[in-house]
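Structure, as C-alpha cells:
The values are calculated or read from the model by the stated rules, or taken from the named source; none is laboratory data. All of these numbers come straight from a predicted model, not from anything done at the bench. Cβ placement follows ideal geometry from the backbone for every residue including glycine, while neighbour counts extend to all protein chains displayed. To get the accessible areas, we keep the full protein, side chains included, count just its heavy atoms, and leave off ligands, DNA and RNA. Shrake-Rupley method; radii C 1.70, N 1.55, O 1.52, S 1.80 Å.
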Amino acid sequence: MEKHRIFIVEDDRKIAQLLADTLRKYQYDIAIIEDFDQVTEECLAFDPHLILLDINLPSYDGYYWCRQLRIHTTCPILFISARSGDMDQVFALENGGDDFITKPFHYEIVLAKIRSHLRRSFGEYAPSQSERTIKRGKMCLFIERMELHLNDEVVPLQKKECVILELLMEASPKVVSRESLLEELWDDQSFVDENTLNVNMTRVRKKLADYNVLSTIETVRGAGYRFIPAAEEL
C-alpha cells in the first residue's frame, strides 16, 4: 500500500523535525520545506496528500502560500500556528485552508486531524466517483489531474487553463460566451479587467501550440469562443 505523503512548511526547524519524526512513526512519508522562496515548487515536486502549513514564514506568509498552492492542488491544507485569534482562523479558511491547529499542540490532536482529512480525501469517506474526463477525438482532458492527453503527449495545465479547456471542449462545437467563462473563472466579475480573459485565452492557445496541438480556440466576435478540433486529432 502507498504511504501517504505529508509536506511540512514550518520555519522552526525543531518543531518541523519533531513533527516529521512523530509522523514517520505512523508510516507517513514526510518532506520538510528547504527553501522558503520555493514553497510551491518543492511541494509540487513531492506531490503530497496533505500539507501542514505555518502562518509566520520568511518572505511571504502562509496565507499567500496557501493561495499559490490552491492553484495546483486540492489536497488538505492544515494550518499550524501560534496565532490563536478568531480572525487568524477565518483568514486561514478563506485563503484555502481546511483546518487550523493552534500551537502549542498535542501530537495526538495533530495526528487525529491528519487521519480525519486523509480519510475524507483518500480513504473510506472519500467520494467514490470516477475521475472526470472530457474526450474529443484523440484528445482527453483529465480535469482533476489538470492534464490534456493527446496520443503519447501530456500537456500540463494551470488551473484556469484547465477550466477554460473544460468549458470549451465540453460545449464544442457550440460557442461559449465571455460571460460564462468569466463567471466560472472568477467569483466576482465586477473586479475583473476586460483584458484578463484575453490574456488567459492567449496563454491557453500558446500552451497548445507549444505542445504541437493542432486543435484551436476560435474567437467568435461579439459572442465568445469555440473549440475547433483539428481533423488530424479526431
Considering residues that are touching a residue at least 60 places away in the same chain (Cβ under 8 Å) and either open to solvent by less than 60 Å² (accessible area, probe 1.4 Å) or not basic (Lys, Arg) (or both), the number found within the stretch 154-163 is 1
Do the conditions hold for SER177, that is, is it out of contact with any Lys or Arg (no Cβ under 8 Å at 6 or more places or on another chain), open to solvent by less than 50 Å² (accessible area, probe 1.4 Å) and more than 30 Å from ASP47 (Cα to Cα)?
yes
Next on the checklist: Quick check on PHE36: is it within 18 Å of the chain's Cα centre (by Cα) and under 17 Å from GLU10 (Cβ atoms)?
Outcome noted: no
Counting only strands (runs of 3 or more DSSP E) entirely within the stretch 34-110, those with at least 1 residues that are open to solvent by 20 Å² or more (accessible area, probe 1.4 Å) and modelled with pLDDT of 90 or more are 99-102
All conditions in (1) part of a loop (DSSP other than H, G, I, E, B); (2) more than 29 Å from LYS160 (Cβ to Cβ) are true of ARG24 except (1)
The residue that is surrounded by the most Cβ atoms within 10 Å (Cβ to Cβ), considering only those in the stretch 7-32 that are among the β-branched types (Val, Ile, Thr) and under 18 Å from the mean Cα position of the chain (by Cα), is VAL9
